[in-house]
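The values are calculated or read from the model by the stated rules, or taken from the named source; none is laboratory data. Values in this document were obtained by computation on a predicted structure and should not be read as measured data. Cβ: placed from backbone, ideal geometry, glycine included. Neighbour counts: every protein chain shown.
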Amino acid sequence: MKHTISVIVENKPGVLHRVSALFSRRGFNIESLAVGTTADPDISRMTIVASGDDQTLEQIIKQLYKLIDVLKVFDLPELESIERELAMVKVKADQKTQTELTQIADTCGAKIVNVAADSVIIEISAEQDKVENLQRLLEKFDIIELVRTGKIALQRGSAE
Amino acid sequence: MQITGAQALIESLKKEGVDLVFGYPGGTVLPIYDVLFKEKDLKHILTRHEQGATHAADGYARSTGKVGVCIATSGPGATNTITGIATAYMDSIPMVVITGQVATNLIGRDSFQEADVIGITQPITKHNYLVKDAADIPRVIKEAFHIARTGRPGPIVVDIAKDAQNNKISFKYPDKVNLPGYNPTLKGHSRQLKAAAKMISLAKKPLIYAGGGIITSGAAKELKEFAIKHNIPVTTTLMGLGAFPEDHKLALQMLGMHGAAYANYAVQECDLLVAIGARFDDRVTGHLPSFAPKAKHIHIDIDPAEIGKNVRIDVPIVGDVKLTLIDLMDKSKVEPGKHEAWLKQIDEWKNKYPLSYKKDKTIKPQYVVEMIREVTKGEAIICTEVGQHQMWAAQYYRFTKPRTWVSSGGLGTMGYGFPAAIGAQFGNPKAIVFDIAGDGSIQMNIQEMATAVNHKLPIKIAVLNNCFLGMVRQWQELLYDKRYSSTNLCNNPDLVKIAKAYGAEAMRITRPEDVKKALKDSLKIKDRPVLMDFTVAKEENVFPFVPPGQAINEMLVD
């Protein structure tokens, strides 16, 4: 089962390596990882998607807490969280296909952020399945390049 | 007052109460060694290999309870400490390892004697630091000692760039640490304590399984009180030897792969297993699903990650073992059970399946261990290497006091015992310190004989010499149809001559009737190490033996 784990860490050199190395050392697989500072520039937040049963998850969280630079760890419940991924897709496009691409972008809540002579770049920020849906729709137009961030997530309401 | 980073380091160490460090100099620690040259209050012991320095610091820590400290240079010096650091990490030993690093402008350029020590040591340290700024040294040392010795202890590496050692700072040692992400839980949760007390009072066949956490926490006295109060027999892990007096009627000796048969039977039959400062290691549990199948489990440990890691726990208690045992005794107001039928059953097992071996005309290695116990009255600090001799020492010395057993349990490091004995002797100048060794292991750090001779340390080295890598040979005999692949050490050098060449005393003992006298004679030598090369039965096996993957009551006993 997939879990989204938020790890609040002190923003110190090497902390990303400590966290990611812990996953590999203990045999846990990271599916995606996103890192950035929080409102406090000395503190960063990592959002990690990992899969495993409940016992594995419990062990991951306990091991993370053992890292001195880790301040807080929590498992984000999927239904109570807002989750986003950002993707940018560069697709071959000419005048004929541009209209159709604009329509697809609109329907998917994406937008065209760059138009070149023979291609466009479409940006989407959405839940993972919507990002993947857009990707499928764009496949027939010949995707030149695609880049995706890891998932970020926040729990709804005032709970932290 | 302005002082250099190197001076600040030494001052910081002294503030932490360090009066002894082990180490080996080199290019990137020259500023530190220059300070040590004039230093009066902090003694430096030159080992002959950085691995020796780490094991010595570790042996010092295990035998005294203090933080062991060692110093090595960058690159190869630091990589030579790796086995020692990993050994300490696996057994939760407090240690601070200071390594030199190339100057900050050279870091990352594949400079001479550069290695990514922080990267390399990260998985085998509790925490580590790269210090690039001299001003950080006091804070980092303060934090390093705090982290090393509190919570579940462990080794800390402090990697200091050479320019940070040279730069000047105004020295002020911090009063306290500020580590928001580090708050070990010391007091057990009261609801859990109540649940545990109730479970203990209801148990008909309870058993305590005590580990190294008892020693670390200084809880041997509390464990004894607790066990006696509730009439619960105690089996210990390898790391827990000395946590409970093995001459007590409730003592069941060691459990697990080479545990006493009665200890393993008790585990399989008990209805309540109280694990205290132990971690359900595979050498203890054998086939995990078959381990203690009839028992409910209480697990007391300071490290929450150990609870539920291998075995499902009914009542987990996170906390310091000593405080928890005290609280638990306060909480259990119920009349302690007598468990008469259970204790009788255990006595029957003890009588029926004692730890034993067959005597003949050769020197039996178990006999040597028994005689070491006899001549030292059980008062010695026993260090070991790793292998058959280690298991015989564990089975036959009958430990009664904490911090008298110094052995690499988790990592199983051959070559550990002799340098650890050096550390133990420095930490306990009046104690009799033995290294019980095998002929394979002793050759892995034999160079430290120079250190021991240099400092006139009266360490007794008892080599149980069977001209084999005995434990591997035993597995080959029992599991690989006697194909003794690369385990025959028939071309061993003359260990007596080697010891003498270093300036140590040495003797060879070949007959059982000479064993006791040789050991007694060794105790008279006070100004140099003594190596006793016991020619023992070549193909003696360690029994009981639970083959890997078997349940622990499925033992081979001879």
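Key figures for this structure:
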item	result
Failed condition for A:Ala110, given (1) within 14 Å of chain B (Cβ to nearest Cβ); (2) at pLDDT 95 or above; (3) surrounded by 19 or more Cβ atoms within 10 Å (Cβ to Cβ)	(1)
Selected residue [in contact with a Phe, Trp or Tyr (Cβ under 9 Å, 6 or more places away or on another chain), part of a helix (DSSP H, G or I) and within 30 Å of B:Ala266 (Cβ to Cβ)] from B:Ile141, B:Ile215	B:Ile215
Options B:Glu374, B:Glu370; residue that is in a helix (DSSP H, G or I), farther than 17 Å from B:Gln253 by Cα and not hydrophobic (A, V, I, L, M, F, W, C)	B:Glu374
B:Arg373 surrounded by fewer than 24 Cβ atoms within 10 Å (Cβ to Cβ), of a type outside the set (Gly, Ala, Ser) and under 18 Å from the mean Cα position of the chain (by Cα)	no
Positions within the stretch A:55-99 being free of Cβ contacts under 8 Å to residues at least 12 places away in the same chain and either farther than 21 Å from A:His17 by Cα or under 21 Å from the mean Cα position of the chain (by Cα) (or both), in sequence order	A:Gln55, A:Leu79, A:Gln95, A:Lys96, A:Thr99
Residues located in the stretch A:1-51, provided they are small (Gly, Ala, Ser), surrounded by fewer than 18 Cβ atoms within 10 Å (Cβ to Cβ) and within 14 Å of another protein chain (Cβ to nearest Cβ)	A:Gly14, A:Ser20, A:Ala21, A:Ser24, A:Gly27
Residue check, B:Val386 over 30 Å from B:Ile446 (Cα atoms) and outside any helix (DSSP H, G or I)	no
Considering residues of the stretch B:101-119 that are outside any loop (DSSP other than H, G, I, E, B) and within 11 Å of chain A (Cβ to nearest Cβ) only, the residue surrounded by the fewest Cβ atoms within 10 Å (Cβ to Cβ)	B:Gly119
Residue check for B:Lys338: basic (Lys, Arg), surrounded by fewer than 16 Cβ atoms within 10 Å (Cβ to Cβ) and out of contact with any Pro (no Cβ under 6 Å at 6 or more places or on another chain)	yes
Top-ranked residue of the stretch A:60-84 - restricted to ones that are in contact with a strand residue (DSSP E or B) (Cβ under 6 Å, 6 or more places away or on another chain), charged (D, E, K, R) and over 30 Å from A:Cys108 (Cβ atoms), ranked as nearest to the other protein chains (Cβ to nearest Cβ)	A:Asp69
Exclusive hit being away from chain A (no Cβ under 14 Å), free of Cβ contacts under 8 Å to residues at least 40 places away in the same chain and farther than 28 Å from B:Thr185 by Cα, set B:Ala266, B:Ala261, B:Ala251	B:Ala251
Scan of the stretch A:101-121 for residues that are closer than 28 Å to A:His3 by Cα and either touching a helix residue (DSSP H, G or I) at 6+ places or on another chain (Cβ under 6 Å) or among the hydroxyl-bearing types (Ser, Thr, Tyr) (or both), ordered by number	A:Cys108, A:Ala110
Complete set of residues in the stretch B:283-305 that are within 17 Å of B:Val321 (Cβ to Cβ), within 14 Å of another protein chain (Cβ to nearest Cβ) and surrounded by fewer than 23 Cβ atoms within 10 Å (Cβ to Cβ)	B:Asp303, B:Pro304, B:Ala305
Residues of the stretch A:33-56 satisfying the condition of being under 16 Å from A:Thr4 (Cβ atoms) and out of contact with any Ser or Thr (no Cβ under 9 Å at 6 or more places or on another chain)	A:Ser51, A:Gly52, A:Asp53, A:Asp54, A:Thr56
Qualifying residue in the stretch A:135-148 (condition: in a helix (DSSP H, G or I), under 23 Å from A:Glu80 (Cβ atoms) and touching a Cys at 6+ places or on another chain (Cβ under 8 Å))	no
Scope the stretch B:218-231; condition outside any helix (DSSP H, G or I) and crowded, with 24+ Cβ neighbours inside 10 Å; matching residues	B:Ala219
Of residues in the stretch B:482-502 being in a helix (DSSP H, G or I) and touching a strand residue (DSSP E or B) at 6+ places or on another chain (Cβ under 6 Å), the one surrounded by the most Cβ atoms within 10 Å (Cβ to Cβ)	B:Ala499
Breaking point among (1) touching a Leu at 6+ places or on another chain (Cβ under 9 Å); (2) crowded, with 20+ Cβ neighbours inside 10 Å; (3) away from chain A (no Cβ under 14 Å), for B:Leu202	(2)
Test for A:Glu100: is it within 14 Å of chain B (Cβ to nearest Cβ) and among the acidic types (Asp, Glu)	no
Matching residues, the stretch B:269-282, being away from every other protein chain (no Cβ under 14 Å) and either under 17 Å from B:Ser92 (Cβ atoms) or among the acidic types (Asp, Glu) (or both)	B:Glu269, B:Asp271, B:Ala275, B:Ile276, B:Gly277, B:Ala278, B:Asp281, B:Asp282
Scope the stretch B:163-177; condition part of a loop (DSSP other than H, G, I, E, B) and either within 34 Å of the chain's Cα centre (by Cα) or under 22 Å from B:His146 (Cα atoms) (or both); matching residues	B:Phe171, B:Lys172, B:Tyr173, B:Pro174, B:Asp175, B:Lys176, B:Val177
Flag if B:Ala506 is of a type in the set (A, V, I, L, M) and either surrounded by fewer than 18 Cβ atoms within 10 Å (Cβ to Cβ) or outside any strand (DSSP E or B) (or both)	no
Restricting the stretch B:529-558 to residues that are surrounded by 18 or more Cβ atoms within 10 Å (Cβ to Cβ) and among the charged types (D, E, K, R), the residue that is farthest from B:Ile432 (Cα to Cα)	B:Glu540
Verdict on B:Ile98 being under 25 Å from B:Gly59 (Cβ atoms), assigned to a helix (DSSP H, G or I) and assigned by TED's automatic domain parsing to the domain that holds B:Val158	no
Selected residue [over 30 Å from B:Leu179 (Cα atoms) and surrounded by 16 or more Cβ atoms within 10 Å (Cβ to Cβ)] from A:Leu79, A:Leu138	A:Leu138
Residue match in the stretch A:54-63 (condition: touching a Leu at 6+ places or on another chain (Cβ under 9 Å), among the basic types (Lys, Arg) and surrounded by fewer than 19 Cβ atoms within 10 Å (Cβ to Cβ))	no
Matching residues in the stretch B:306-326 - criterion: being among the β-branched types (Val, Ile, Thr), assigned to a loop (DSSP other than H, G, I, E, B) and surrounded by fewer than 21 Cβ atoms within 10 Å (Cβ to Cβ)	B:Val311, B:Ile313
